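The values are calculated or read from the model by the stated rules, or taken from the named source; none is laboratory data. A quick note: this is a predicted structure, and the numbers were derived from the prediction, not measured. Note that we place each Cβ from the backbone using ideal geometry, even for glycine, and neighbour counts take in every protein chain shown. For accessibility, only protein heavy atoms count, side chains too; no ligands or nucleic acids. Shrake-Rupley method; radii C 1.70, N 1.55, O 1.52, S 1.80 Å.
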Amino acid sequence: MAIDSDVLVIGGGIAGISSALAARQAGADVRLVSEAETTLHHASGLLDVLGYHPNAAGEGPVVDPFDAIADLPDSHPYAIVGESAVRDGLALLDDALGEAYQGSYTDANALVPTHGGTVKPTARYPASVAAGLASDDREMVLVDFERLTGFDAGVAADHLAAAGIPADTSAATVEFPIVVRDDAKVTRYAHLLDENPTVTVEGRERRVRAALADAIEPHVGDAERVGFPAVLGVDHPAEIRAELQDRLDAAIFEVPMGPPSVPGLRLEDRLYAALDDAGGRIEAGGGPIVGFDATEGTISEVYLDRSGSPIPYAADQYVLATGDVAGGGIDSDREGVTEPIFGCHVPHPTDRYEWFDEAAFGDHDFAEFGVVIDEMLRPVAETGDPEFSNLRAAGAVIGGYDYPAEKSASGVSIATGYAAGRQAAREA
Amino acid sequence: MNNTPHVVVVGGGSTGVGIARDAAMRGFEVTLVEKGNLTHGTTGRMHGLLHSGGRYAVSDQESARECIEENMILREIATHCVEDTGGLFVKRPEDTEEYYQEKLEGLRACSIPATELTAAEARAREPYLAKDIDKAIEVPDGAIDPFRLCVANAKSAQNHGARVETFSEVTDLLVEDGEIVGVEVTHESGSGNHVHGVEGAVEEIRADHVVNAAGAWTGELAAMADIDVEVRPSKGVMTIMNVRQVDTVINRCKPKGDADIVVPHETTAILGTTDEEVSDPAEYPEEQWEVDLMIEELGKLVPILEDARTIRSFWGVRPLYEPPDTGTDDPTDITRQFFLLDHDERDDRPGMTTIVGGKLTTYRLMAEQLVDHLAEKFGIEAACRTAEEPLPGSEDEGAIEAAMNEFGLRSPIGKRSAERLGSRTADVLDTDEPNPVVCGCEAVTRAEVQDAIEESGSNLNAVRIRTRASMGNCQGGFCSHRMANELHPDYDERQARTALDELYQERWKGQRHALWGEQLGQAMITYAMHALTMNRDRDPAATEDSLDFGAFDAGPSTEARTTADESAGIATDGGEEGTHGD
Ligand SMILES: Cc1cc2nc3c(=O)[nH]c(=O)nc-3n(C[C@H](O)[C@H](O)[C@H](O)COP(=O)(O)OP(=O)(O)OC[C@H]3O[C@@H](n4cnc5c(N)ncnc54)[C@H](O)[C@@H]3O)c2cc1C
Ligand SMILES: Cc1cc2nc3c(=O)[nH]c(=O)nc-3n(C[C@H](O)[C@H](O)[C@H](O)COP(=O)(O)OP(=O)(O)OC[C@H]3O[C@@H](n4cnc5c(N)ncnc54)[C@H](O)[C@@H]3O)c2cc1C
């Protein structure tokens, strides 16, 4: 007997979670299955909606992403779901994330300093990032740790100045109070700050957070805010920031970094907890969905591969939220590009050498690989007809937009996830 | 007394640096000029095979003999650049017994140690060999790192007083009264180490003799003095796999052909190659069929290659030359030997000698013969010592072991650093500073990156070839910005950013030929990290227009923040919620 639910969501990234939350909210019985860890721990933890207009190379960042949606081409996922789904989806996430995320009080994008040192536009940011926004004119000092190679405060401070931000910037390098291994991961720093053990510094017993503040204190000067690489705790970030703020008498913020990303981990934890609270059932890490049965264009069940044995899962409605070529939702070999579970149509040039641009940051076709959807978010065949009556797609598995260029990743995942989840629940 | 002859060597490939070292050791005053990085030409784009000579044992026995002799010498003088992998010539059922026997006889005739292996013996040694192979011959092939080899030669030349100028292109030959008397050099950024943003300069360097070691570009250089040297550049592809499927060099035992060799190199295995004549050594098509052919053909020897992941492909051009009127049609038939052209004798144009052709494996011999020629010209008696005197990094056999013990380097990271640095390990790693890993795929530490920056300036591609940083699976996705960070504060943010942009583009160039399957996924993650999170593609710092920061969200108001602080005492963001934090 197949494991049964109204709505089965395949994929545990932000699109899958948004779909599951929306379907739950609409009253459906929901199950989410995801192959492995999500890609959220790669991501910066920022939730972008739209930072740049596609096809407007050379233009600056979009101030109001909601305004900009009206000008997008008809095939863009935002154009398909409409501005209201974007707003409603974000509201659903705002609810799930509570005070941990900010930015919902305005439609304007925020410009966030990230670890390379320049700023990027985003719509929602972790509370830990709030005091670092580039439009805030308070003087800042950026701090880095000797052994952490992913963030260099000096480079970042000068880069922010080169970008012309209205605040004065300076930098300081300190040794983390506990000598971590030379190749320790960022999560090691985060856990030490969470646990706050005692260390001996110059003969004195100090807690790690206090010792860290001692080391930074001489560099703060008149600065009203202090920025850290994003390692300020996985479990107790607010407490850590508050303590550092108290000790340094300056606002504390984090600069989002690349993988593995502590804000990404926190976002993942939060969202899974929210889905759990909402009564969604979650099976992450059990194995991939590898096959399906369908009759007359309707999927009856899908199969999860658990160490070689197929486990059937049945549902009335399915949401495909398996990500793009990075997430595993889109596959390719030397011959072509495919959607591996259902074999949905994925348009792509037959010549492999047209999949990319010569310039590293050129206009890459591969970034837009994904399924094509109709107005009900159903993947369609080359003919334009839906591949299956009860399959919808959400997130990066949908093609036709270059999210790294437009800075629209999470926003599209949330909006299409919301729309797909709601529609699936309505029809289940 | 100032009658030391001054020699200008043009070209920083294996041939040029080999000559610079030998000449400097024999007392010449030497200036080496290279238009790019060291290894910028063919030397940085070759297969990494330390030839045993086996490949030429049937068709070109003179080359084969040179190879085996030089192979044995390089194992002694360049230990830290050579890996003794051994090699196999593998016979498949469709390959003829006749050729197999010819190979065996040829190997013996050229004194190349050869042992016959049964299929079972060969497969015991390399378990991924195809099940249906007939048999194999074992030969002393090896793997050689061309980057380390050239850097060590250049360093040795410098230690003997030579001046080495990279990013310095010869833009003209100085000709007076029919004689070549020097070169006009355009420095990309002043002389000395390459530094971004420093103004270029033109310099005339006068010389008693010019050595043209410009590889596939020797013809272009000679043309500056109206001399005709017809180089016949021939391109070849190499495809890099993400892991080392074999630990032995695997050759196909059949007459010349495309895609017949796999060379293990560091953490990867490299498939090669093709042989196609091209008209311009700098501008030629890099074609998909070539990559596909590597995988399909070599899959017949090592079947798992069919499904394995490739991380990039690259092409090189062989600087083949044949004397006028030889008229060979097929480039694979052009000899692999090298030629020494004294333009006084050949063209009535004194002052320059061209050296062209050959192989990396024979670079030392080429240099020896050329410098012998110069020594005779200038009446210098000193004998060549390059066959005995180890290169910097290989001086002391025990040095690697000793340094590894001294630094407690038993971790894989330390081991790999020590392999790269050889006897320089102690000098480079002897640091009291924290020494974190900058490039995770290749386990390259900060001390090595800093050492390379000190040697080569702000150019990260130069750092890359010295350290292998950014040459592993992720192709710089996770580490190129970390490498750029290491430039600061010796170089400013702007220079670091420019260097990063150049490295990133260079890394992209080769990956484009591997973009399917997992490597395409990797490329997407890299693109997301660098464009989506870091916004490097639309960096406001890189544009002229200033941003209207005031139009964007500046965060919850300062006022609200202060009140929250006071009332809550600690929490500024609503306090702790459960154990998940934010
Ligand atoms: C390096 C990086 C940086 C990023 N930075 C930002 C940023 O700054 N701002 C921003 O807004 N967004 C960012 N993102 C993007 C964001 O996190 C999401 O990746 C994106 O929105 C796509 O989400 P998704 O849920 O559609 O796909 P994914 O996140 O890729 O999730 C797909 C899920 O499906 C699962 N899956 C795949 N195949 C199967 C199968 N056969 N069976 C079961 N499960 C399967 C995978 O395990 C995974 O959990 C970043 C992403 C990356 C990789
Ligand atoms: C595909 C391929 C695979 C190979 N595999 C092997 C192998 O496995 N084993 C082996 O032993 N050999 C191999 N070879 C051969 C070997 O790589 C070359 O013979 C050798 O590297 C040539 O070195 P070079 O110094 O003569 O030329 P190059 O390395 O090309 O050096 C010439 C240099 O001159 C510089 N230059 C040119 N013009 C100017 C100018 N105007 N001013 C200043 N500088 C200038 C160039 O930038 C270049 O760096 C291979 C070759 C190819 C193409």
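Observations
- Kirkwood hydrodynamic radius over Cα pairs of the range A:1-133, then Stokes diffusion coefficient at 4 °C and 1.567 mPa s, in µm²/s: 78 µm²/s
- Straight-line reach from residue A:185: taking Cα to Cα under 21 Å and skipping same-chain neighbours fewer than 8 places apart, the lysines in range are B:415.
- Peptides B:203-215, B:522-534 ordered by average Cβ neighbours within 10 Å, highest first: B:522-534, B:203-215
- Size descriptor, Kirkwood hydrodynamic radius, that averages inverse alpha-carbon separations across the range A:90-161, Å: 13.4 Å
- Taking the convex hull of Cα positions in the range A:115-255, its mean projected area over all directions (nm²): 7.9 nm²
- The portion of the accessible surface of the range A:115-255 made up by carbon and sulfur, rounded to a whole percent, is 38 (1.4 Å probe; DNA, RNA and ligands excluded).
- Counting only other chain Cβ atoms within 10 Å of each residue's Cβ, the peptide A:156-163 averages 5.
- In terms of its C-alpha gyration tensor, chain B comes out oblate, because a/c is 1.5 or above while a/b does not outweigh b/c.
- Rg and Dmax over the alpha-carbon atoms of chain A stand at 22.7, 77 Å.
- Judged by the gyration tensor of its Cα atoms, with axes a ≥ b ≥ c, the range B:183-242 is oblate; a/c meets the 1.5 cut and b/c is at least as large as a/b.
- Whole-Hz couplings from phi, Karplus 6.51/-1.76/1.60, listed for the range B:471-488; x for Gly and Pro: 9, x, 3, 7, 6, x, x, 8, 10, 4, 6, 5, 4, 4, 4, 5, 6, 8
- Between the C-alpha center of the range A:274-319 and that of the range B:507-560 there is a gap of 34 Å.
- Relative to the globular-protein estimate of 2.2 N^0.38 Å, the Cα radius of gyration of the range A:19-85 stands at 1.46.
- Inter-chain neighbour count for A:109-118: the average number of beta-carbon atoms from partner chains within 10 Å of each residue's beta-carbon is 6.
- Sorting B:232-240, A:90-98 by their mean Cβ neighbour count within 10 Å, with the most densely packed peptide first, gives B:232-240, A:90-98.
- Reported to the nearest whole Å, the Cα centre-to-centre distance from the range B:225-286 to the range B:296-332 is 4.
- A straight line joining the Cα centroids of the range B:23-58 and the range B:167-189 runs 22 Å.
- Scaling against 2.2 N^0.38 Å puts the C-alpha radius of gyration of the protein assembly as shown at 1.02.
- Take the range B:431-571 with all the other protein chains still there, run a 1.4 Å probe, and you get 34 Å² of accessible area per residue.
- Calculated accessible area for the range B:1-127 comes out at 36 Å² per residue, all protein chains present (probe 1.4 Å; ligands, DNA, RNA ignored).
- Packing-based ranking, highest mean first, of B:28-34, B:216-222, A:215-221, B:173-179 given that Cβ atoms within 10 Å are counted: B:28-34, B:216-222, A:215-221, B:173-179
- Over 27 Å (Cα to Cα) - which of B:256/B:359; A:407/B:509; B:35/B:254 fall in this group: B:35/B:254
- Cysteines (scope chain B) whose Cβ has no counterpart Cys Cβ under 4.7 Å: B:67, B:81, B:110, B:150, B:253, B:384, B:441, B:474
- Solvent exposure of chain A, expressed per residue, is 35 Å² of accessible area, with all protein chains present and a 1.4 angstrom probe.
- Take the Cα of residue A:334, step 7 Å toward its Cβ, do the same at residue B:279, and the gap between the two points is 2.9 nm.
- Global form of the range B:222-313, assessed from the alpha-carbon gyration tensor, a/c cut-off 1.5: prolate
- Cβ neighbours within 10 Å from other chains - mean over B:502-508: 2
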